[in-house]
Ligand code: CA
C-alpha cells in the first residue's frame, strides 16, 4: 500500500469510527465501546400456529403451507416452529382472517376474496373477472406497489398480508350442456362463487354455493348443470371428467387468483429482526413455488385429460365472453361505489392492468400467439 493510499484508508476508517461513535453517542462517551447489534437471544424459540382455508394437506395450496412452515423452521435453525392446521381443524375455513386478526393464531393462509363480506377491497388482491393474470398480479403485488396498498388495506385489522402463491389462470368449468350463445346460460345452475357468480346471475344463470365434497355428486345427479373449480390438476382429482361432458375455457372469472399469507402484526413485531426477515423470505418462496408448481401440474394434467380421458375442451364463444365482461364491469362498479377502500384498490388495480395491457402486445402477446404453441 502506498503512503498516500494508506493515509486515505486511515482517514476513511476514522470517518467510519466517528460515524459509529456518533450512532451510539447517547449510551457512552467511550470510543472503544462496540456498536450494539439488534438484541437477538438465540436461545429464544417461537411456537406459532398457522390456520388455512384449505383441507389438510390439500395438493399445492395446503402442501405449500406445510413447506412454508418447514422452510421457516430450517432457516431459523429450529428457533421457530409453525404448526399448520387445515380448514376446520382449529377454526372453520372462513374464519382464518378473524383468527389471525384477533391474535388467537399468528399466521393464516387463504385468498382475499374469502373476506369480501368484511372487506370488499380484499377481492382486488385475489382476483376479479377479466382482471390480471398471475404474472401481471405478481408484477403489481411484488414489483408495482400492490402489496404496500394491500398492507395498508389490512392495517386496521392488525394484519400484515403477503402474496402467498397463485393458482395460475383457472379453467372456465365443467358443463353438461354446450354453450353456443349467451341464451344457453339462461336457467343454467352452476357452482361458481364470488363476483363470477354475480356475473353469471346477471347473464340469466343461477350461481349456487356447494361445498367441495358435494360438487361431484350434485353434478352427477343433475342438481347442478355446471361447476368451476380450479384448473386441470385439481379438477382431475375431483373426477369431474367422469360426470361432465365439456371442459370450458378460459377461466374468465379467475384469470390468476393470488393467494394470501397473513401474519398478526403484533406477533410479527414481537419477533427478533432475523425471524421477521425469515417469515418474509419464506412467504416470497411460497409465492414463487406455488405458481410454478401449479403451472407444471396443470399443463401435465390438461394433456392427461385430453389424451387419456377424452375430455372435450371448448372455448366460450366471443359473444358470451363479451357479455360476461360487460356484466363484470357493472358488478365491480357497483361494488366500488359503496366502499372507499374498494374504490382505491380498484383504481390502483385498474391502472396497473392498463399499463400491462399497453405493454403486453410488444412481448408476451406476440410471443404466445406466434411461438408459444410451438413444441
Ligand atoms: Ca375457482
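Read-outs: derived from the displayed coordinates by stated rules, not from any lab. This is a predicted model, so every value here is computed, not measured. Heads up, the Cβs are rebuilt from the backbone with ideal geometry, glycines too, and the neighbour counts pull from every protein chain shown.
Mean projected area of the convex hull spanned by the Cα atoms of the range 225-287, taken over all viewing directions: 6.4 nm².
For the range 180-207 and the range 111-134, what is the separation of their Cα centres, given in Å? Each part reduced to its Cα centre gives a spacing of 19 Å. Taking Cα atoms only, the orientation of helix 318-337 departs from the longest principal axis of the chain by about 50 degrees. Counting Cα-Cα pairs of the range 257-309 in 5 Å increments starting at 0 gives whole-percent bin shares of 4, 16, 18, 15, 12, 10, 8, 6, 5, 4, 1.
Compared with the dominant Cα axis of the chain, that is its longest principal axis, helix 273-307 is turned about 30°. The angle between the Cα long axis of helix 3-23 and the main principal axis of the chain comes to about 70°, on a 0 to 90 degree scale. Please find, in a Gaussian network model of the chain (springs between Cα atoms separated by less than 10 Å), the residue of 166, 66, 41 whose mean-square fluctuation is greatest. Greatest mean-square fluctuation among the candidates belongs to 41.
Ordered by the count of other Cβ atoms within 10 Å of each Cβ, fewest first, 179, 192, 224 give 179, 224, 192. With the convex hull drawn around the C-alpha atoms of the range 320-360, the volume per residue stands at 56 Å³.
If neighbour count is taken as other Cβ atoms inside 10 Å, put 370, 235 in order from fewest to most. Numbers along the way, then the final one.
Working: 370 9, 235 25.
Ascending number of Cβ neighbours within 10 Å: 370, 235.
The helix-only estimate of mean residue ellipticity at 222 nm for the chain, built from DSSP H runs of length n ≥ 4 each weighted as -39500 (n - 2.57), is -14000 deg cm²/dmol after division by the residue total.
Ranked by Cβ crowding within 10 angstrom, fewest neighbours first, how are 191, 79, 325, 47 ordered?
With the sparsest Cβ surroundings first, the list reads 47, 325, 79, 191.
Remark: spin-label model distance residue 217-residue 281 equals 4.8 nm, labels positioned 7 Å along the Cα→Cβ axis.
For the peptides 329-342, 253-266, residues were scored by their other Cβ atoms within 10 Å and the scores averaged per peptide; the highest-first order is 253-266, 329-342.
The Rg/Rh ratio of the range 249-375, with both radii computed over alpha carbons and Rh defined as the Kirkwood radius, is 1.05. Cα extents for the chain along the principal axes, largest to smallest and rounded to whole angstrom: 84, 48, 46. Of the DSSP beta bridges with both residues in the chain, give the percent that are antiparallel, rounding to the nearest 5. Taking every DSSP beta bridge within the chain, about 45 percent pair in antiparallel fashion.
Per-residue extension of 0.36 nm, minus the Cα-Cα distance of residue 370 and residue 208, leaves a gain of 54.4 nm for this segment.
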